[in-house]
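Student: Have a look at this one before I ask anything.
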Amino acid sequence: MKRIIIIVVAVSLAATGATAQSASSRAWQQRLEVEIPLPIPMVELESINPFTTNVDVPPVVLGSTAPRKVNVSGIASVAAFVDAKGECLGAVPLELPMPGLTSSLVEELTGSRFDAATAGNVPQSSWVVLEIVMEGKVKEAAVVDQVLEMPDPESPPVPSRPVAMRPPGNLRNLKATPHDQLTNLASPRRIRVRAPGRDDEIHLRALVHVTEEGRCDRYVPLDLFDGLNPWVSAFLATWRVQPATVDGVAKATWLVYSARVQIELSGLDSTNFRVVRDREFNPDEQ
């Protein structure tokens, strides 16, 4: 930032002679603009985790129950390559709501019929992104191990990001028309995806809030399949916790909860789908 300092120079000239006493002084001013660079202060921001609370004694989970027969649902995002004849030649799962869906999505979509994308009236080969609603049930679950930690006071926890899947070479090398050149996107005539039931071990990590009464009343998922949120919510609702204390008084606090959970999933079925028109898939960017 530069500040401009204005220097005003005034010079008075007095008339001489016999009329000097009656003549008023004449003054003129000249405006000079001088740029003087001034140093600016440096501001150092503190590293603060808003979820941190100073306590004398951290919370302890006294008991919990893993719920059974919980309905779960979520959206699977998948990119499908559709040729100019309307046949799906393959698919790439992008986001999965539950474990065990990758092969089922690819197998069910490959070979399915679409209305091909068009540029004007001419059919085109293209990629299209679909969202498919999958529903099922967590039949049984058991916590294998779990850890409860106070958050790092200087570093807020960061949600994990799913690892992007790369399309196989046979799909990556196919020529596709970009979205901005298409009049209409490819659209499936029918989608039916079924995934068999399975046993799986999932890794769960979340920020959980424990009240002064020793109950978990809300949480922030950090590492979790989105479709399993109904089960996690039901599980955390069963918690009985010895709350944190400060000077012997119970205090609400946030904690980082990590666990390995063995779950038995029922079969999963698709119930609805839609074409995502504002999302483009580019295999070269994966």
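Only the coordinates and a few stated rules stand behind these numbers; no lab work does. Every value quoted in this text rests on a predicted model; they were computed, and no experiment measured them. For neighbour counting, all protein chains shown are included, and Cβ atoms are generated from backbone atoms with ideal geometry for every residue, glycine included.
Student: For the chain, what is the calculated [θ] at 222 nm in deg cm²/dmol (nearest 500), taking -39500 (n - 2.57) for each run of four or more DSSP H residues and dividing by its residue count?
Tutor: Result for the chain: -1500 deg cm²/dmol, rounded to the nearest 500.
Student: Around THR245, what is the net charge, scoring Lys/Arg as +1 and Asp/Glu as -1 over all other residues with Cβ under 9 Å from its Cβ?
Tutor: Net charge in that neighbourhood comes out at -1.
Student: Right, something else. How far apart, in nm, are two points set 7 Å out from the Cα along the Cα-to-Cβ line at ASP199 and at ALA119?
Tutor: The two pseudo-label positions are separated by 5.3 nm.
Student: Just subtract the alpha-carbon distance of SER155 and GLU131 from 0.36 nm times their residue separation and send over the number in nm, one decimal.
Tutor: 5.2 nm
Student: Where the only charges are on Cβ atoms (+1 Lys, Arg; -1 Asp, Glu), what is the dipole of the chain about its Cα centre, to the nearest 20 debye?
Tutor: 860 debye
Student: Right, something else. State the extension gain, in nm to one decimal, for the chain segment bounded by LYS69 and HIS209, taking 0.36 nm per residue of separation less the distance between their alpha-carbons.
Tutor: Length gained between LYS69 and HIS209: 47.9 nm.
Student: Restricting to Cα pairs below 8 Å that are 6+ residues apart, what does the relative contact order work out to for the chain? Please round to a whole percent.
Tutor: 26 percent
Student: Go through 117-123, 168-174 and give me the packing order, highest mean Cβ count within 10 Å leading.
Tutor: 117-123, 168-174
Student: Where does the range 60-285 land on Rg(C-alpha)/(2.2 N^0.38 Å)?
Tutor: Ratio of Cα Rg to 2.2 N^0.38 Å: 1.25.
Student: Rank these for me by crowding, MET150, MET134, going from fewest to most other beta carbons within 10 Å.
Tutor: MET150, MET134
Student: When the chain is fully extended, how far beyond the present Cα-Cα distance does SER233 get from SER258, taking 0.36 nm per residue of separation?
Tutor: Contour length minus the Cα-Cα distance gives 7.6 nm.
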